[in-house]
Amino acid sequence: MPVYEYICRACGRRARLRMSFAEYDSATSVCPHCGRAELRRRVGRVAVARSEATRLDGLMDDPALDALDEDDPRAMGRMMRRMSDEMGEEMGQEFDEVVGRLESGESPASIEAAMPGLGDID
Ligand SMILES: [Zn+2]
């Protein structure tokens, strides 16, 4: 199952929750640290193809990512393209497809549903 990364608006801590796509659609996510339903999905999970997950963890700490609006796929796509450019490495076909879909305005949820296994880092 995919792992989704959240940040808690109440206590500011991060949480990684493992759930199916169906659960993700319907679940009210509760912070495992403070128990409040204030979790906000962190941008970037969709960007992380499984082989890149560990290497990208540092980039995910970029504060700009927390300010990024996940409801704006084009902004996400631009951010991911910039990250990729900064790393100066080939990110792979899966990454390119995700960025391309974002830049065309497709929502992250739709992309994840269309690309099974994406972000499943185990
Ligand atoms: Zn919390």
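Taking (1) away from the ligand (no atom under 16 Å from the Cβ); (2) at pLDDT 60 or above; (3) within 11 Å of the chain's Cα centre (by Cα) in turn, Arg41 satisfies each apart from (1). Of all the criteria given as (1) in contact with a helix residue (DSSP H, G or I) (Cβ under 8 Å, 6 or more places away or on another chain); (2) part of a loop (DSSP other than H, G, I, E, B); (3) modelled with pLDDT of 80 or more, the one not satisfied by Glu5 is (2). Please verify whether segment 47-60 includes one or more residues that are surrounded by 15 or more Cβ atoms within 10 Å (Cβ to Cβ), out of contact with any Ser or Thr (no Cβ under 7 Å at 6 or more places or on another chain), modelled with pLDDT of 85 or more and acidic (Asp, Glu). So far as segment 47-60 goes, no, none of its residues is surrounded by 15 or more Cβ atoms within 10 Å (Cβ to Cβ), out of contact with any Ser or Thr (no Cβ under 7 Å at 6 or more places or on another chain), modelled with pLDDT of 85 or more and acidic (Asp, Glu). The set of residues in segment 65-110 being closer than 21 Å to Arg41 by Cα, modelled with pLDDT under 75 and surrounded by fewer than 16 Cβ atoms within 10 Å (Cβ to Cβ) consists of Asp66, Ala67, Asp69. Cβ separations smaller than 6 Å between residues 6+ apart or across chains give the following pairs from segment 19-48 residues that are closer than 19 Å to Pro116 by Cα to residues that are of a type in the set (Gly, Ala, Ser) and at pLDDT 80 or above: Phe21/Ala113.
The values are calculated or read from the model by the stated rules, or taken from the named source; none is laboratory data. Quick caveat: nothing in here was measured; it's all calculated off a predicted structure. Neighbour counts run over all protein chains shown; Cβ positions are idealised from the backbone, glycine included.
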